[in-house]
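Enquirer: Mind having a look at this structure? Questions to follow.
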Amino acid sequence: MRLAQNWFLDWFNSPYYHQLYHYRDENEANKFLNVLISHLKPDQNAIMLDVACGRGRHAKALAAKGFDVTGIDIAPDSIEFAKQFEDEQLHFYIHDMRLPFWINYFDYAFNFFTSFGYFRTEREHFNAIRSIAGAIKDNGFFVLDYINVNYVEEHLVPESETGIDGVDFTMKRWSDEKHFFKRIMITDHNTNEDCEYTERIAKILPNDFERMFSRYELRMQEMFGDYELHAFDKNDSPRLIMLAKKIIH
């Protein structure tokens, strides 16, 4: 199957994307961030970057804790939605994570809920890490929340269906040597329209991330396996949550 090079530009900007993943709400974001912030113990004046922020649920939750937060995302409609929540401590911009953003500005950068790994080439993934690392101050931190490839391979559900507010979603999942795929077939009974999108996520292992990190002065500090921040297990952990520190020698 031939997949559009930048499939995410259309899918992440689609209202069906937000409808399908509606369960990823503010309550879920707050629960995870309470655990994460308790572990990180950032200074109250910390300046934070939420990379691929979507409609801003994590950025909003961080700002509500008193931090200065900037969210960036490639989807214009998501940023337009998020901008209604802007204030002196919360800011949103349309931006492609592969391109440089503010340099040496942030104390923390976050990339949550598998908002990585969807570019066509390894070079583009390196470019994204380079840009994020460049935005962090020396001795600042980066948290990247990704799938655990081994776990997903063992628990991949080939097909599932769900209906939400008059819209039927049929999802077919498969993988090849380098990627996981999810084809999402949509029937909207409200408009009598059908459409289809296909997600593609790269199989990036911990060693691969360490290789990318080390090229841009990011040093792996800890790896966690779930949103309660239990230790990472390559076979049993559903997530791969990495904490890296920027150390310039």
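Enquirer: Within segment 29-46, track down each residue that is more than 18 Å from Leu144 (Cβ to Cβ) and either among the acidic types (Asp, Glu) or surrounded by 20 or more Cβ atoms within 10 Å (Cβ to Cβ) (or both).
Expert: Asp43
Enquirer: Let me ask something else about it. Which condition from (1) of a type in the set (Lys, Arg); (2) more than 21 Å from Ser14 (Cα to Cα); (3) surrounded by 15 or more Cβ atoms within 10 Å (Cβ to Cβ); (4) free of Cβ contacts under 8 Å to residues at least 40 places away in the same chain is the one that Arg239 breaks?
Expert: Condition (4) is where Arg239 drops out.
Enquirer: OK, next. Looking at segment 88-96, can you tell me whether even one residue there is part of a strand (DSSP E or B), within 24 Å of Arg219 (Cβ to Cβ), in contact with a helix residue (DSSP H, G or I) (Cβ under 9 Å, 6 or more places away or on another chain) and not small (Gly, Ala, Ser)?
Expert: No: segment 88-96 contains no residue that is part of a strand (DSSP E or B), within 24 Å of Arg219 (Cβ to Cβ), in contact with a helix residue (DSSP H, G or I) (Cβ under 9 Å, 6 or more places away or on another chain) and not small (Gly, Ala, Ser).
Enquirer: Tally time: how many residues in segment 135-151 are on the phi < 0 side of the Ramachandran plot and surrounded by fewer than 18 Cβ atoms within 10 Å (Cβ to Cβ)?
Expert: Residues that pass the stated criteria total 3.
Enquirer: Being in contact with a helix residue (DSSP H, G or I) (Cβ under 7 Å, 6 or more places away or on another chain) and over 19 Å from Gly140 (Cα atoms) is true for just one of Lys83, Lys60, Lys31. Which residue is that?
Expert: None of the other options fit; the residue is Lys60.
Enquirer: Also, I was wondering about something else. Is it fair to say Asp176 is touching a residue at least 60 places away in the same chain (Cβ under 8 Å), out of contact with any strand residue (DSSP E or B) (no Cβ under 8 Å at 6 or more places or on another chain) and outside the structural domain of Asp233 (by TED's automatic domain parsing)?
Expert: The answer is no for Asp176.
Enquirer: Ok, one more. Which residue, of Ser115, Ser131, Ser160, is touching a Pro at 6+ places or on another chain (Cβ under 7 Å) and either more than 23 Å from Gly225 (Cα to Cα) or assigned to a loop (DSSP other than H, G, I, E, B) (or both)?
Expert: So the residue among Ser115, Ser131, Ser160 that is touching a Pro at 6+ places or on another chain (Cβ under 7 Å) and either more than 23 Å from Gly225 (Cα to Cα) or assigned to a loop (DSSP other than H, G, I, E, B) (or both) is Ser131.
Enquirer: Only one of these conditions is not met by Asp107: (1) among the charged types (D, E, K, R); (2) surrounded by fewer than 18 Cβ atoms within 10 Å (Cβ to Cβ); (3) in contact with a Phe, Trp or Tyr (Cβ under 9 Å, 6 or more places away or on another chain). Which number is it?
Expert: (2)
Enquirer: Could you tell me how many of the residues in segment 152-180 are exposed (fewer than 10 other Cβ atoms within 10 Å of the Cβ) and at positive phi?
Expert: Here the count works out to 1.
Enquirer: Could you list, in sequence order, all residues of segment 54-72 that are at negative phi, modelled with pLDDT of 95 or more and not in a helix (DSSP H, G or I)?
Expert: Lys65, Phe67, Asp68, Val69, Thr70, Gly71, Ile72, listed by residue number.
Enquirer: While we're looking at this one, here's another question. Given the criteria within 23 Å of His230 (Cα to Cα) and either at pLDDT 95 or above or among the small types (Gly, Ala, Ser) (or both), does Asn34 qualify?
Expert: Yes: the conditions hold for Asn34.
The values are calculated or read from the model by the stated rules, or taken from the named source; none is laboratory data. These numbers come from a predicted model, not from an experiment. Cβ sites come from the backbone with ideal geometry, for glycine too, and all protein chains shown count toward neighbours.
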